[in-house]
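Since the structure comes first, as structure tokens, the remarks are kept for the end.
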Amino acid sequence: SSLLTTFGGQVVEVLPNGMLVIEAARQVEFSQQTQTIVLRGLVRPEDISQQNQVLSTAISSLELQVRGKGIVTDYTRRPNVLVRLLQKAVIF
């Protein structure tokens, strides 16, 4: 699968070597599921365009986190300890 989108982000730190630490987040909704995508990485100042944009290919040490909430996430998450104990105790 693939994802094509744009992110609004910001510089969260300037490293001693001049590299910029950037971070951006975006929420995407589909199939009753909300995904929060968080992007973090390093960018050289010269890779920022006149339109204040950076291509993903110019981001080094890229970290991408995807967190979900909704029907799919709720049913794939492991139940808490109490629920697991009750499931073991009750035999259908």
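Using only the alpha-carbon atoms of segment 1-72, report the extent along each of the three principal axes, biggest first, to the nearest angstrom.
44, 22, 19
³J(HN,Hα) across segment 28-38 via Karplus (A = 6.51, B = -1.76, C = 1.60, θ = phi - 60°), whole Hz, x for Gly/Pro?
10, 10, 7, 6, 6, 10, 9, 10, 9, 9, 10
Counting Lys +1, Arg +1, Asp -1, Glu -1, what net charge surrounds Ile22 among other residues with beta carbon under 12 Å of its beta carbon?
Spelling it out: positives minus negatives among the neighbours equals -2.
Going through segment 3-54, which GluC sites (Glu not before Pro) have at most 15 other Cβ atoms within 10 Å and a DSSP loop state?
Answer in residue order: no site qualifies.
Taken together, the values in this text are just the output of simple stated rules run on the coordinates, not laboratory data. Fair warning: this is a prediction, and the values are worked out from it, not measured in the lab. For neighbour counting, all protein chains shown are included, and Cβ atoms are generated from backbone atoms with ideal geometry for every residue, glycine included.
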